[in-house]
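Beneath this line is the structure, given in structure tokens, with notes to follow.
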4 protein chains.
Amino acid sequence: MFAGLTSARDRRISDTARVEAFSDGVFAIAITLLVLEIHVPDAVEIHDAGGLVPALLPLWPAFLSYLASFLTIGVIWLNHHRVFTVIVKVDRVLNWWNLMLLLAVAFIPFPNALVAQTLPEGIQSADARSAAVIYGVVFTLATVPWVFIWLHVRRRPELVGHQVSASRWRTYIRRPLIGMGIYAVSAVLGYFLPLPVVILYIALAVFFAL
Amino acid sequence: MFAGLTSARDRRISDTARVEAFSDGVFAIAITLLVLEIHVPDAVEIHDAGGLVPALLPLWPAFLSYLASFLTIGVIWLNHHRVFTVIVKVDRVLNWWNLMLLLAVAFIPFPNALVAQTLPEGIQSADARSAAVIYGVVFTLATVPWVFIWLHVRRRPELVGHQVSASRWRTYIRRPLIGMGIYAVSAVLGYFLPLPVVILYIALAVFFAL
Amino acid sequence: MFAGLTSARDRRISDTARVEAFSDGVFAIAITLLVLEIHVPDAVEIHDAGGLVPALLPLWPAFLSYLASFLTIGVIWLNHHRVFTVIVKVDRVLNWWNLMLLLAVAFIPFPNALVAQTLPEGIQSADARSAAVIYGVVFTLATVPWVFIWLHVRRRPELVGHQVSASRWRTYIRRPLIGMGIYAVSAVLGYFLPLPVVILYIALAVFFAL
Amino acid sequence: MFAGLTSARDRRISDTARVEAFSDGVFAIAITLLVLEIHVPDAVEIHDAGGLVPALLPLWPAFLSYLASFLTIGVIWLNHHRVFTVIVKVDRVLNWWNLMLLLAVAFIPFPNALVAQTLPEGIQSADARSAAVIYGVVFTLATVPWVFIWLHVRRRPELVGHQVSASRWRTYIRRPLIGMGIYAVSAVLGYFLPLPVVILYIALAVFFAL
């Protein structure tokens with residue numbers, strides 16, 4: 001048994017507790033930092049707008065993209081939570097793809113800020129279109145690591161605690177591919193319909209969560 | 001037993017460890033980010049005010065709303081901690097309502113900043129009134145998910161580790177309803193008495209905690 | 001045994017896992033946010049200073065207070081870690097004093113920023129003196145909850161996992177009182193010697209840690 | 001056995017759970033805060049640049065240093081994760097060196113911002129060279145605590161859960177020394193080739209991770 005532990009250590013397989021803790025931290029911070037991107041109107045802006053409420057109303061795209069980003073990160077966390085009830089051990093390659101997933105998640109506040117910044121210009125402005133495409137591309141990239149995670153785990157079944165059928169593996173790999181397709185199409189759609197696509201992301205997150 | 005585990009996985013019930021870890025992260029970040037909303041006076045502002053202390057004194061509403069927001073998030077965390085000693089399993093719906101709770105908590109720094117921004121204008125200014133109402137509405141919204149959490153858990157008693165009496169269920173559901181009522185009334189009161197309502201939130205948090 | 005669990009729940013005693021997780025989150029965020037208070041010189045400031053290095057040199061007080069705040073929060077965390085190897089259960093009152101401790105810790109970035117903002121004015125300027133006093137007062141306040149935590153735990157010995165002798169209790173309570181005295185004296189000294197006091201905080205943290 | 005526990009407590013040895021949780025928090029926050037350093041162009045900057053995309057293109061050094069910092073912190077976390085599968089107990093000295101490691105990690109967003117700020121001036125500008133050197137020095141400093149951690153643990157073998165051979169100890173200590181050498185050379189190289197060195201950090205992180 002001690003030898004087994006040593007050999008597991010040599011092959012650098014370890015359990016998932018710390019990967020989950022570190023990932024939970026990144027998800028929690030990314031989702032909570034989003035609120036800092038909503039601009040608090042200062043005294044001059046409030047005065048010029050004729051009051052606090054009129055100063056807040058033009059910020060509606062920021063609230064909308066806040067909601068879309070919050071729910072999307074929330075759904076990626078839910079997914080992470082479910083995947084790591086199936087995966088019970090991690091190795092270097094799995095750690096790497098998990099880090100790539102966290103890279104995409106931690107980056108979401110940036111395209112989120114671009115959408116919030118450009119949508120008020122006009123919901124069909126060239127900048128709002130560009131921002132919606134970038135937003136969709138980042139969401140699409142966030143689905144890619146899942147495909148590699150499942151492809152890798154299928155080759156290393158000792159990372160999963162129990163027997164998984166061939167059809168089940170196909171399901172695991174197909175799901176993120178479908179997600180990738182949906183978000184890639186949305187990214188293209190964002191060029192033509194920036195505002196409806198942001199609303200679509202909210203709907204997608206509610207759909208994936210329930 | 002293995003079959004039981006599989007069927008639990010199929011119905012996507014899992015234990016609460018990661019939900020608690022992720023939620024703890026969001027609570028910890030939201031409560032710690034609040035300090036960034038207190039404006040540090042720069043060299044020009046310190047000079048114009050005639051010194052650091054005179055430059056800090058007009059920031060008292062920011063300190064007051066910092067205290068109210070910190071204690072309110074702290075009390076919501078205490079409540080979350082207590083609820084998840086009763087609830088021992090989570091499913092999709094519970095995860096969703098927990099995410100809605102975190103949405104409200106993560107959003108608190110925004111209305112907090114509005115109150116800190118507008119109270120110095122005058123404790124009866126129209127903007128301070130609007131800010132106090134928005135602040136109260138967000139606190140009210142933060143009580144709503146608890147009602148749905150308890151209604152759902154009552155329908156799925158396997159999420160609770162032990163037998164709960166009918167009267168106990170009613171208590172669980174009534175408590176957040178009472179909280180919702182108190183915060184809704186405070187939100188309305190905020191329109192008439194912005195400053196006393198912020199102080200009321202501090203008193204409510206101390207009362208709920210002890 | 002089940003009855004015991006129920007009665008413990010009724011008296012709202014629970015184990016310390018989540019309190020530690022939530023506190024670790026607040027400590028980790030407060031200590032990591034400090035870096036955001038160090039101003040990154042912009043293109044104009046770099047140009048006016050005649051280069052990046054000359055633009056960074058006047059920021060030395062910010063680096064010094066960064067180090068003092070980082071190490072002090074680190075030492076408070078080390079202390080929290082040690083205390084919660086002795087305390088094994090939490091109740092409402094203990095949760096409350098722990099929240100008061102986190103309030104002081106989460107607030108540290110603010111006086112830290114005041115010191116970093118005012119020390120460059122001159123190490124004996126009136127503003128640097130005020131900032132050093134405020135900094136010391138916040139550090140002093142951060143020692144107060146420990147006294148109340150130990151006084152409360154002594155009255156509720158079931159929160160501690162093992163027998164504690166009377167002399168041990170006195171040691172537990174005396175230590176934060178000594179810390180409080182040292183930081184209170186430092187706060188007063190800060191009025192006369194702002195810069196040496198910031199260096200003293202670094203030395204104190206190294207001393208308390210080792 | 002109880003005596004053993006007490007004596008362990010007296011010598012202040014404790015298990016690694018909270019050190020790992022606190023460290024995970026600092027790593028997660030430092031890695032997620034990096035995105036805040038990427039400047040979101042405002043309406044005026046977008047207009048002056050002739051659109052969102054032309055306004056984003058000059059930010060490429062910020063994206064590059066974001067990637068280098070994210071991956072480097074990710075690799076330090078992976079390393080921390082591996083080291084704490086070998087180390088199973090912590091004492092004061094180990095806690096101190098872990099805190100020094102976290103100090104270096106939490107500081108990375110600052111030199112990262114300096115690189116992002118100065119590289120757009122010109123990839124051979126004097127400021128970009130200075131920034132690349134500072135960046136490399138901070139990465140070098142982040143390798144130092146590992147050497148002291150292993151030297152200390154070798155003297156206190158009870159902190160490791162199992163027998164470690166003399167050659168294994170030498171490997172443990174040699175690895176961070178090699179890392180230190182590589183980053184120190186990179187820091188010097190940064191003076192001559194700021195941009196290639198940032199790309200080198202990305203390559204090094206990918207190499208160390210896989």
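Among the residues of this structure, A:THR85 counts as one that is at negative phi, in contact with a strand residue (DSSP E or B) (Cβ under 7 Å, 6 or more places away or on another chain) and more than 12 Å from chain D (Cβ to nearest Cβ). Being within 21 Å of D:PHE22 (Cβ to Cβ) and β-branched (Val, Ile, Thr) is the requirement here; does D:ILE108 meet it? Against the criterion (within 21 Å of D:PHE22 (Cβ to Cβ) and β-branched (Val, Ile, Thr)), D:ILE108 qualifies. Taking the criterion of being touching a residue at least 40 places away in the same chain (Cβ under 8 Å), open to solvent by 10 Å² or more (accessible area, probe 1.4 Å) and assigned to a helix (DSSP H, G or I), the residues of region A:87-96 that qualify are A:ARG92, A:VAL93, A:ASN95. Applying the selection to region A:144-156, what residues are under 20 Å from the mean Cα position of the chain (by Cα) and not β-branched (Val, Ile, Thr)? Scanning region A:144-156 gives A:PRO145, A:TRP146, A:PHE148, A:TRP150, A:LEU151. Just to be sure, is C:GLY190 outside any strand (DSSP E or B), in contact (Cβ under 8 Å) with a residue 60 or more places away in the chain and of a type outside the set (A, V, I, L, M, F, W, C)? Judged against the criteria, C:GLY190 is a match.
So that you can scan it fast, the table gives a plain yes or no per residue for (1) closer than 20 Å to C:ALA17 by Cβ; (2) out of contact with any Pro (no Cβ under 9 Å at 6 or more places or on another chain); (3) modelled with pLDDT under 90:
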{"site": "B:VAL44", "(1), (2), (3)": "no, yes, yes"}
{"site": "B:PRO54", "(1), (2), (3)": "no, yes, no"}
{"site": "B:LEU57", "(1), (2), (3)": "no, yes, no"}
{"site": "B:VAL75", "(1), (2), (3)": "yes, yes, no"}
{"site": "B:ASN79", "(1), (2), (3)": "yes, no, no"}
{"site": "B:THR85", "(1), (2), (3)": "yes, yes, yes"}
{"site": "B:LEU99", "(1), (2), (3)": "no, no, no"}
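Could we say that D:GLY190 is within 25 Å of A:VAL90 (Cα to Cα), open to solvent by less than 50 Å² (accessible area, probe 1.4 Å) and small (Gly, Ala, Ser) here? Answer is no for this residue. There is at least one residue in region B:143-153 that is closer than 19 Å to B:LEU200 by Cα and either surrounded by fewer than 23 Cβ atoms within 10 Å (Cβ to Cβ) or of a type in the set (Lys, Arg) (or both).
You will find that of C:LEU159, C:LEU99, the residue that is open to solvent by less than 10 Å² (accessible area, probe 1.4 Å) and within 21 Å of the chain's Cα centre (by Cα) is C:LEU99 and no other.
So that you can scan it fast, the table gives a plain yes or no per residue for (1) in contact with a strand residue (DSSP E or B) (Cβ under 8 Å, 6 or more places away or on another chain); (2) among the hydrophobic types (A, V, I, L, M, F, W, C); (3) farther than 20 Å from C:ILE108 by Cβ:
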site: C:VAL153; (1), (2), (3): yes, yes, yes
site: C:ARG175; (1), (2), (3): no, no, yes
site: C:VAL198; (1), (2), (3): no, yes, no
site: C:VAL206; (1), (2), (3): no, yes, no
site: C:ALA209; (1), (2), (3): no, yes, no
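Of all residues in region D:13-46, which are in contact with a His (Cβ under 8 Å, 6 or more places away or on another chain) and small (Gly, Ala, Ser)? Listed by number, the residues that qualify are D:SER14, D:SER23.
The one condition from (1) among the hydroxyl-bearing types (Ser, Thr, Tyr); (2) open to solvent by less than 20 Å² (accessible area, probe 1.4 Å); (3) over 17 Å from the mean Cα position of the chain (by Cα) that C:THR171 does not meet is (2). Going through (1) at the interface with another protein chain (Cβ under 7 Å from one of its Cβ atoms); (2) open to solvent by 10 Å² or more (accessible area, probe 1.4 Å); (3) closer than 24 Å to A:LEU141 by Cβ one by one, A:VAL26 falls short only on (2).
Listed here are the residues, each with its yes/no results for (1) within 25 Å of D:LEU200 (Cβ to Cβ); (2) under 13 Å from the mean Cα position of the chain (by Cα).
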{"site": "D:VAL26", "(1), (2)": "no, yes"}
{"site": "D:HIS39", "(1), (2)": "yes, no"}
{"site": "D:ALA43", "(1), (2)": "no, no"}
{"site": "D:ALA49", "(1), (2)": "no, no"}
{"site": "D:LEU52", "(1), (2)": "no, no"}
{"site": "D:ALA55", "(1), (2)": "no, no"}
{"site": "D:TRP60", "(1), (2)": "yes, no"}
{"site": "D:SER65", "(1), (2)": "yes, no"}
{"site": "D:PHE70", "(1), (2)": "yes, yes"}
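Does region A:163-170 include one or more residues that are over 30 Å from A:SER125 (Cβ atoms) and among the aromatic types (Phe, Trp, Tyr)? Yes, there is a match, as at least one residue in region A:163-170 is over 30 Å from A:SER125 (Cβ atoms) and among the aromatic types (Phe, Trp, Tyr). Scanning region D:19-51 for residues that are part of a helix (DSSP H, G or I), farther than 30 Å from D:VAL197 by Cβ and of a type outside the set (Phe, Trp, Tyr) gives D:VAL19, D:GLU20, D:ALA21, D:ALA43, D:VAL44, D:ILE46, D:HIS47, D:ASP48. Against the definition (within 29 Å of B:ALA30 (Cα to Cα) and within 14 Å of chain B (Cβ to nearest Cβ)), how does C:GLU45 come out, yes or no? Judged against the criteria, C:GLU45 is not a match.
Counting the residues of region A:67-79 that are surrounded by 24 or more Cβ atoms within 10 Å (Cβ to Cβ), more than 7 Å from every other protein chain (Cβ to nearest Cβ) and not aliphatic (A, V, I, L, M) gives 2.
Selection of region C:36-58 for residues being β-branched (Val, Ile, Thr) and either under 30 Å from C:ASP91 (Cβ atoms) or surrounded by fewer than 22 Cβ atoms within 10 Å (Cβ to Cβ) (or both) yields C:ILE38, C:VAL40, C:VAL44, C:VAL53.
The values are calculated or read from the model by the stated rules, or taken from the named source; none is laboratory data. Just so you know, these numbers come straight off a predicted model, no measurement behind them. Quick reminder, even Gly has a Cβ in these numbers, built from the backbone with ideal geometry, and neighbours come from all protein chains shown. Just so you know, the surface numbers come from the protein's heavy atoms only, side chains and all, with ligands and any DNA or RNA stripped out. Shrake-Rupley method; radii C 1.70, N 1.55, O 1.52, S 1.80 Å.
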